[in-house]
Structure formats: C-alpha cells, structure tokens
Amino acid sequence: MNIKQYMQEMGQKARLASRAIAKADTGLKNKALLATADALDAARPILAAENEKDLANGRDNGLDSALLDRLALTPKVIDTMIEGLRQVAALPDPIGEITDMNFRPSGIQLGKMRVPLGVIGIIYESRPNVTVEAASLCLKSGNAVILRGGSEAIHSNQAIARCIAQGLAAADLPAATVQVVETTDRAAVGELITMPQFVDVIVPRGGKGLIERVSKDASVPVIKHLDGICHVYIDDQADLDKAVKIAVNAKTHRYGTCNTMETLLVAESVAAKVLPLLAEEYAAKGVELRGCEKTCAILASAIPATEEDWSTEYLAPILAIKVVSSADEAIDHINDFGSHHTDAIVTENYTLARRFLAEVDSSSVMVNASTRFADGFEYGLGAEIGISTDKIHARGPVGLEGLTSRKYVVFGDGHIRD
C-alpha cells in the first residue's frame, strides 16, 4: 500500500464530505447518531469477538494491565458508547447559532455565527470507544473526521467503523464523513498531520510520546494535552470522611486514565490523622505510596519519594504524597509540578475554595469532588474528543463547541461605508 496516496485520498474524500455535513440539518445528523447506536447494540457479539482478537494480541505482546483495561470493550463500555451517542443526539446543535447581535453606529447589525472547523484528524491509542466518541461529536458539530486508532485496537475499531457506516447510510449522509484508517503502518500518522490542504485540526489522544511527536511534527493546528498529573489537596479545614472517600476514588477508581490523581497533598495539621486512614485503604487496593520526609515519618509503609515523583504520571497503583505547610504551598506545588489538567481541594472553607479555583492554573479545578469527574460524559457533553490543557480555542473536555469556530456575520439594508 502506498501510504501517502492512501492518506491523500482519504483527505480529499473528507474535504468533500465536510462540505456536505456542514450544511446537513440537525434531524439528519441525529438520525445518523441514533442509527449508529442501534447498529452497535445489534453488533454486540461481533464487537466482543473482534475485541477479543485485540485483547489476545495485547496479552501476547505483553501489554500491561492499564492498557488492556483501556482496550477492553466490556458490555458496560458498549452501553456507555450507546448512551453517549444518544446523549449527543439529544444535545442542542451549535451549528448556525448566531449570538452577540448588536447595531453599530453605521447602522449595520453585527453578530457571530457558530460554524464547523471542517476536517478533524484524530490519532489515539488503545481505547476503541474513542472511535464512537470522536465520530459522534464531529458528526453533530458538522465536521468530517479521519480517525487513526492504535494498531492494538485495529479489529475493534474496524468493527465499530462498520456500525458508524450503517448509521451514516441510514441518514443518507456521505460515508466519508467518518473514515477510520485501515492500515496499522505508522507512516499514516506522519501523513495525516502534514496535510493542511485537507485537515484543519489534529487531536492526539494517547501517551506523552505520541502527543509530543504529533505536536512537534504537525503542520496542522493541534488540540492536545501531554499528560495528566492530577492532584488532590486535603486542607486543614477538610471534612476528613469526605477527604478519604475522594482521595481513594481519585486514585483507585481507574489507574490508567488521565484524570486519575497522581499526587496527594495534605495539610500538615491533619496529616497524622488522615494519612493512616488513607494508607489502610490504599494498602487494601495494593497502591504503593511514595512520600516526602514528613509522610514517611507518619507512614512506615511509605517509601521515600524522589523529585521525579512529583512530575510523574504513573497510570498505575502508585501514589506520591506530600505534606504541605499551607494552602499557598499546595497551590504553588500544583502550578509548578502539575500538567494543568485537573486538580481538586477538599475543604469546608469556601473562601479558600474560591481562592483555589482562581489560582490553580488547570483546565478543570474542583472543590470536594474526585478528579475522576473531569470527563466529557460526566460534564454532560455526551462524550469528549479529548481533554485540552491548551489555553487557546478549547480547554478542558472538548465537546461540541470545542469543535466549532465562530465567524462574524453582518446584516445591512443597502448600507455603504462613508
């Protein structure tokens, strides 16, 4: 296969499809989404069989448990995919919305209209459910999309792609609105990120190495986050029952996700009380604790942390713990070592909570809640295209609005400029 020619042809088809989907009415887009949901539901045995091929290959190739967890299409994951499609169909269609209307001194009326970005290229690893999430959001927001999943999920992604094709056909929308790259050749990624004539934006979802490579080599704008070094800070005015529940959930609900807590910060005045309670919970779940000097003095089970631990995304049952003297130290630590993804404070002092919200420079900042809520589905976006830690255009979970832009529209009645 000539990869360059193959990707160029995909790009050309996507560009043509983008013009059709940009003007498709809401009813047709929703019909495609709901038909895709029905196709997935009907294809459960096929999805399970194709996914098992990927899982078996993953086990044979030594994929770790976190990556195998991301790869698995369990009945619950399929349920979530279907529910996500239905949620996206139920969301308001942003395309064509005109806002900020006002009359200028010249008499013209000025506003802004929400429009699609055009063609979106999405590169991702392991998680085949991303195929559905990405396709649904791009479709509803009037964009065409080229999806390049990881080689480890090739069978699962192709099975899902066939369901999406059925949904598009049911609504008589172009098949090229959603294209899934069929080759596992890595050269396809290099081509996709260097086709600005066909692709308007790239969204990489995966490990830090992938995202760094895409960001470095792309000649197309990129929406990205490099890693998820998320924190929970337990303040000296925290409800410790809440604190234990939140800190345990933030770390152990799932280990292989970007919104999992990797560093726990604890106010010095409550550390001796709360850390033993947490250590017992973490020990029961097999979590290794790496602590600062003060943490190790309280917990015999903790091993000394290194400077590298404060800036490491483990994606594993490992947790770094630091005892801090104040909220100021906690905020400084988060801004110095975090990845600007998601950080939380546990406190009953809402004046401090407001300060934390204002001063922590992350795409999601939380009060008395687990970092695991930083997710498009949980935020009511139906699904997410990714979580952006950039500050331009889109930040945080990227849903429908993050896949659109706005253009100025002007209404006149024969107006000419003097």
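The values are calculated or read from the model by the stated rules, or taken from the named source; none is laboratory data. This one's a predicted model, so the numbers in the text were calculated from it and none came from an experiment. Here the Cβ is made from the backbone with ideal geometry for all residues, glycine too, and neighbour counts use every protein chain on show. Note: accessible area is taken over every heavy atom of the protein model, side chains too, but ligands, DNA and RNA are not part of it. Shrake-Rupley method; radii C 1.70, N 1.55, O 1.52, S 1.80 Å.
Results, tabulated for the structure shown:
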read-out: Evaluated over region 322-402, the Cα radius of gyration and Dmax, each in Å; value: 13.4, 41
read-out: Residue of C296, C163, C138 that the Gaussian network model of the chain assigns the largest fluctuation, springs spanning Cα pairs under 10 Å; value: C296
read-out: Rg and Dmax of the chain, Cα atoms only, in Å; value: 23.3, 80
read-out: Alpha carbon convex hull of region 364-418, volume per residue in cubic angstrom; value: 147 Å³
read-out: Potential lengthening between K208 and L277 on full extension [0.36 nm per residue; Cα-Cα distance subtracted]; value: 21.5 nm
read-out: Approximate spin-label separation E329-R186, in nm, with each point projected 7 Å along Cα-to-Cβ; value: 4.3 nm
read-out: Which of Y6, Y124, Y408 is most accessible, then next, and so on - probe 1.4 Å; value: Y408, Y6, Y124
read-out: Extension gain from A300 to I392, taking 0.36 nm per residue of separation minus the Cα-Cα distance; value: 28.6 nm
read-out: Cα long-axis angle, helix 44-60 against the chain (0 to 90 degrees, to the nearest 10); value: 50 degrees
read-out: DSSP beta bridges in the chain [antiparallel fraction, %, rounded to 5]; value: 25 percent
read-out: For the chain: accessible area per residue (Å², 1.4 Å); value: 44 Å²
read-out: Options S65, Q12, T99, ranked by Cα towards positive dipole end of region 5-103, top entry (Cβ charges); value: Q12
read-out: Value of D in µm² per second that Stokes-Einstein yields for region 159-299, Kirkwood Rh from Cα pairs, at 37 °C (0.692 mPa s); value: 172 µm²/s
read-out: Cross-link reach list, aspartates and glutamates versus K53, counting only Cα pairs under 15 Å and skipping chain neighbours closer than eight places; value: D69, E152
read-out: Candidates M261, M195, M101, ranked by Gaussian network fluctuation over the chain, Cα under 10 Å, top entry; value: M101
read-out: Simple Cβ-charge dipole of region 344-418, Lys/Arg +1 and Asp/Glu -1, about Cα centre, in debye nearest 20; value: 120 debye
read-out: 25 Å Cα-Cα threshold exceeded, pairs from K23/K208; K208/K391; K245/K273; value: K23/K208
read-out: Candidate lysines - alpha carbon under 17 Å from K251, same-chain residues fewer than 8 apart omitted; value: K242, K285, K322
read-out: Protection proxy ranking, peptides 114-121, 69-76, 367-374, average beta carbon neighbours within 10 Å, highest first; value: 114-121, 367-374, 69-76
read-out: Cα-derived Rg to Rh of region 125-190, Kirkwood definition; value: 0.96
read-out: 5 angstrom amide H check on E288, placed H, neighbours 5+ away; value: I318, L319
read-out: Part-to-part distance (alpha-carbon centres) for region 44-59 and region 321-376, which is given in Å; value: 39 Å
read-out: Dipole of the chain [Lys/Arg +1, Asp/Glu -1 at C-beta], most positive-end residue of V220, P304, V324; value: V220
read-out: Sum of -39500 (n - 2.57) over DSSP H runs of 4+, divided by residues of the chain (222 nm, nearest 500); value: -13500 deg cm²/dmol
read-out: Trypsin sites (Lys or Arg not before Pro) within region 142-200: DSSP coil, no more than 15 neighbouring Cβ in 10 Å; value: R186
read-out: Point-to-point label distance, T351-E293, nm (Cα→Cβ direction, 7 Å offset); value: 3.3 nm
read-out: Degrees between helix 240-252 axis and first principal axis of the chain (Cα, 0 to 90, nearest 10); value: 60 degrees
read-out: 20 Å Cα-Cα reach of K4 towards aspartates and glutamates, excluding residues that sit fewer than 8 places from it in its own chain; value: E182, D185, E191, D200, D217
read-out: Of all accessible heavy-atom area on region 106-261, the percent that carbon and sulfur account for (1.4 Å); value: 49 percent
read-out: Angstrom value of the Kirkwood radius, inverse mean 1/r, which spans all Cα pairs in region 261-385; value: 15.3 Å
read-out: Heavy-atom accessible area ranking, 1.4 Å probe, most first, across R355, R127; value: R355, R127
